[in-house]
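Trainee: Just passing along the structure, written as structure tokens.
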Amino acid sequence: MNFDVVKKITIVDGVIALGLGLMVVGIGSKMKEADKPVVVAKVEKAVLPINAVVNVNRATALELESLPAIGPKTAQKIIDYRNKYGSFKSKAALKNVSGIGEKTYEKLVDKIEI
């Protein structure tokens, strides 16, 4: 009997078995990671394309916050005004919202639509 052939087959089989074993262990560890709870980060500010125009009659608070000089409080004021008085009829009507004066309006006028 030729033992050299038997040793080579045993070594090759051992390497294959070891490789398969490592793959199974690797897959098992990934499956354990899948059982972990997913942590969702809080979004602080919406990110819109650079030339995006926000419709102030339909925008969410996050979309409004993407506008210059509009933070969470002012965004909520816009939504509250919209809910109370209905849709804005013109861009200039946005100045009726408390906290939006001429300077803020000038920063917004090119970035909003009705």
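Trainee: Of the numbered conditions (1) modelled with pLDDT under 95; (2) farther than 18 Å from Val53 by Cα; (3) not in a loop (DSSP other than H, G, I, E, B), Asn83 fails exactly one; give the number of that condition.
Mentor: Going through (1) modelled with pLDDT under 95; (2) farther than 18 Å from Val53 by Cα; (3) not in a loop (DSSP other than H, G, I, E, B) one by one, Asn83 breaks only (1).
Trainee: List the number of the failed condition for Asp110; all other conditions in (1) modelled with pLDDT of 65 or more; (2) surrounded by 12 or more Cβ atoms within 10 Å (Cβ to Cβ) hold.
Mentor: The failed condition is (2).
Trainee: While we're here: Here are some conditions: (1) assigned to a helix (DSSP H, G or I); (2) surrounded by 13 or more Cβ atoms within 10 Å (Cβ to Cβ). Ala69 meets all but one. Which one does it not meet?
Mentor: Ala69 satisfies every listed condition except (1).
The values are calculated or read from the model by the stated rules, or taken from the named source; none is laboratory data. Values in this document were obtained by computation on a predicted structure and should not be read as measured data. Virtual Cβ from ideal backbone geometry, glycine too; neighbours counted across all protein chains shown.
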